[in-house]
Structures are given as C-alpha cells and as structure tokens.
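Visitor: Okay, here's the structure, questions in a sec.
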Amino acid sequence: MLRLFHSLRFKLTVLYVIVFGIIQVLLYVVVVFVYESRQWSRLDERLRQRAQSMIEVIDVAADGVLERPSAVGVRPYLDAFQFPDFYYQIRLENGKVVDRSDNMRRLEFPAGTVRFDKKGPERKFETMGGGFARSLLGVDGELRVLTWYHRQPDGTLYCLQAAMDRRPFVEAVVDSRQLLATTCLVSLLAVGVTAWILAKRSLAPIEDVGKQAEDVSPKKLDLRIEIPNRQDEVAEMVTTVNQMLDRLEQAFSEQGRFIANISHELKTPLTYLLGQAQVLHRQARTPEEYDQFVANVEDEMRRLKQTVDSFLMLARSNAGLRELGVTDISANDFVMEALERCQPLASHQEVQISPNLAPADRDDADPNVRGDPELLCTMVENLVRNAIRHSPPTATVEVEVGWCDPDVAIVVRDQGPGIPEGQLERIFDEFYHASGDTSDADGVGLGLSIARAVARLHEGSLKVENRQGGGAEFTIRLPLARGAQPQRPASISKS
C-alpha cells in the first residue's frame, strides 16, 4: 500500500485531480456569481417593469390628478397587477396610503422606508426583512422592494412601493449551487478515475523500460533496451539510456583491459626482481654484484613507473577523465620542446632530427592551438621517439609544422622499413607491434595509442601512411585556436 502511495502513477493522479479541482472551484465561483447576479438583475428588472407600467396606468386613469377619491377610480385599472407574488402600495406625500394590493391584507410598508422630505434617488432597490416581511410572508420571509417617487402633472407627489418575494429566487440559487457542487464532485471523481487510467497507459512504456533495465548487470552490459516504435520522449529516453549503456560497457571493457594489461606488464619485471633477490639471498655476494643488483632494480623500477604512467594517461584520455590545463600554445613551441626531450635518444641511435616549423602569417601570428601543453608535447614526443627507434643509423627524422586551414598540421617522417599495409591502423592498438618489428623491445607498445588518444582529446586526428621512398609518415591535425586563422594558409609538403 505504501508503495502505491509513493508511485508516480498515484502522484500524477493526485496532481491532476488537484489541478482540475482548483479549476473546478474557480469555475464554480465564477458561474455561481454570474448566475446569481443575473437572477437578482432579473428580479429587479421585473419589479421595475411592473412599477413603470403601474405608474403609466395611474397617470392615464387618474387624468393627471391622484387624490384619495380618485384613487378609487384608479383601482379597477390596477387589478391587473394583483399577482400572488407581487405586492404594491401607493403612499401620498402627506403619508396617506391610498391603495395597496389585496394580498397585503391590512399590512402596510413601514412609513420609515419613504422619505419625501429629503432629496434622494427617484428609484431605490432594497432588500427588506424583519417583522414586516415575516408578518407578510412568514418565517424567513424576505422582500425585494422598489421605492419609486413620481410627481404628477398637477404637482402631486406620491410613492409607489412594489415588492416581490425573494424566497423563490433564493431557492433557485441554492438549488443551482447544489447542482453545480454535485456536478463538480462527480466530474472530479470522473477525472480521478480517468487520470488513473491514463497515467497507467502513459507510464506503461516507462515501466517496460524499467523491467528491461533490471536485466542489465555488470555481466550483461551488452544488453540494450528495445526502442519503442514511436517518436516521443520515451523513445528519446530509451535512446539516451542505450547510449549510456554503450559508454558503461566501453568503460568496463577499458577497465578490464587496463587491469589485464597492467597485470601482464607488471608481472614480468616483478618476477625478474624477485628472482634476482632470491639468487642474491642464497649466498654472500661481492659489493660489485650488490651494486649491479641495485642498478637492475633501479632500471626495472624506472620501467615500471613509465609503464604505469602510460597506462594511466591512456586510460584517462580514452575515458575523457583527464582534466586538461587548457591554454593557447604555439604548435612550434610544444613541438620544439618535444624534440629537445628526444634529442638524447636520437644521439644514442645516431639519428638526425630535422625540424621545419610553420612561419608566422601576415599578422605575425603563430599557429596556436588550444589544449593541454604537457599532453600535446607528450603526443609529439611519442611519435618522434617511435620514428627514431625505427630509423637506421645516420638517417634523418623530419618533423614539419604547417598551416592547414582551418587546422594546424604536424607531420613526423622516418626512414625506416615502413608498415605493412594490413597493419596501418592496428599499430594504434595497445601493445601492438608490427610484424617483424624488433626496434621497440624496451617499449610497452602504448606510445602510438597515447598519441592518438591525445589528438582525439583535443578534437584532432592522427593518421599514418607509408612514404613512397620508404619509411612512415604520421600526420596530426589539430584545430587552430580562435583568432589564429592564417591570412594565407600554407600547405604541408608531401614527400
């Protein structure tokens, strides 16, 4: 039961009923107010029309003179106004009542309701209760009275008081209120039932999505929710949820692969260090052997650190979790910094590095890109180190930076054996080594993967192709920073 009260279906139904109830109350108030106003206006209009007709009859029948003797002569003409629910009385300026309807019996309208000696409106409507109304109509009696002052041509001023019983109108108003209230309650109940049914139908697709989502688990991340054949918010929600599941599956896959790879990569050096320590522990060793062991430990630890750092950078870049220190930086600057880092390796391999930087444009502006300087430098460094390792001694590694509207292009060319055609894209996979490649024995196979991940992280691209004269050519394209568009873009040379 508590679950029902907390369900979205119940809450929507209650919300609809409350909103409709508020609208019903407002409509009820407006309708009742308009209906009652029209009822009282009709009552006053009936009084006014009858009183006006009586005054016209009196003026004609009395021949312009209304005195006590002549009132008797007028009376036959007033018999037409003898209605059971209509009361009238004619009072002269001297306070004398010269005529009244038969249904008033011997009662008279209170003299205090007439004011000949004070200036006031010619006609006045008022509701009269009290003893006179109760004496005339009984308990709870109320009259609607029109007091009309009229002066005849001879100057005689008299007052006609016409009245009608308000109770039939009050009863009609009360009946209308009850009818409207009953109608509102019935319609509110109908709205509640309808809202409950419609809410169930509206939420049925969402409930179906929830049931399908219950089957998704870490072991079944390949499951997807069936997209309903409809173009509405539910279909959009299902599409969004499926996209989220795609990202989760990819993240779990990356995590599993990360754990497996790092376990594999760490196992070999740890096993080596453990074996060395066990051999060293079996018998006494010379100081030179201890020094060699420490040197080996230092080398392996450095390699382990490099491996872990590469793993972390690749995992964070692929998942988009690395916080970029975004700034505008010249492509020439971070390329030269990367070449400085690679110079010791190039000297050891007896390889020359030939940089060709992009010239400034007409406004003396550098080819600036927006991104993380450290990551961008690492990206170029990995490509250059890869080119050095695959180049023979005395060879030259060319690094060119150029304008390529609307991007800046960085090209790294080596003079190595090139890449087999079927493996051009696979070399960007983690731990992949091209067939027959023995130049990267000290690496872990992550440099190119990290380089492409960094390029994509900066909304760029990294592609590779073989050169006609031998060797490979890696091309990075990064979007130029805003305001860094060249006046005359220069194209990257092909070789």
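None of the figures in this text is laboratory data; all of them are computed from the coordinates on show. For clarity, every value in this text was computed on a predicted model and none was experimentally measured. In this analysis, Cβ positions are derived from the backbone assuming ideal geometry, glycine residues included, and neighbour counts consider all displayed protein chains.
Visitor: What is the Cα centroid distance between the range 360-424 and the range 224-239, reported in whole angstrom?
Guide: Taking the Cα centre of each part, the range 360-424 and the range 224-239 sit 45 Å apart.
Visitor: Also, I was wondering about something else. Mind checking the dipole of the range 2-172: about its Cα centre, +1 per Lys or Arg Cβ, -1 per Asp or Glu Cβ, Debye to the nearest 20?
Guide: I would put it at about 900 debye.
Visitor: Then there's this: When only alpha-carbon atoms count, how far does the range 160-203 stretch along each of its three principal axes, as whole angstroms with the largest first?
Guide: 70, 13, 5
Visitor: Based on the inverse mean of 1/r over its pairs of different Cα atoms, what is the Kirkwood hydrodynamic radius of the range 2-172, in Å?
Guide: 18.9 Å
Visitor: Can you report the principal axis dimensions of the range 327-479 using only the alpha carbons, biggest first, rounded to whole angstrom?
Guide: 48, 29, 28
Visitor: Under 12 Å Cα-Cα from K96, which aspartates and glutamates qualify once same-chain neighbours fewer than 8 residues away are excluded?
Guide: E67, E108
Visitor: Along the Cα→Cβ direction, 7 angstrom out, place labels at D232 and R467. What is the inter-label distance in nm?
Guide: The answer from the label model is 6.3 nm.
Visitor: Put a dot 7 Å past each Cα toward the Cβ at D429 and F116; how far apart are the dots in nm?
Guide: 12.1 nm
Visitor: Moving on to the next point. Among the aspartates and glutamates, which have Cα under 16 Å from the Cα of K219 when same-chain residues fewer than 8 positions away are ignored?
Guide: Of all the aspartates and glutamates, those that pass the test against K219 - Cα under 16 Å, at least 8 places apart if same chain - are D246, E249, E254.
Visitor: Right, another one. Can you check how the C-alpha radius of gyration of the range 120-212 compares to 2.2 N^0.38 Å, as a plain ratio?
Guide: 2.31
Visitor: Could you put V216, V412 in order, starting from the residue whose Cβ has the fewest other Cβ atoms within 10 Å?
Guide: In increasing order of surrounding Cβ atoms, one gets V216, V412.
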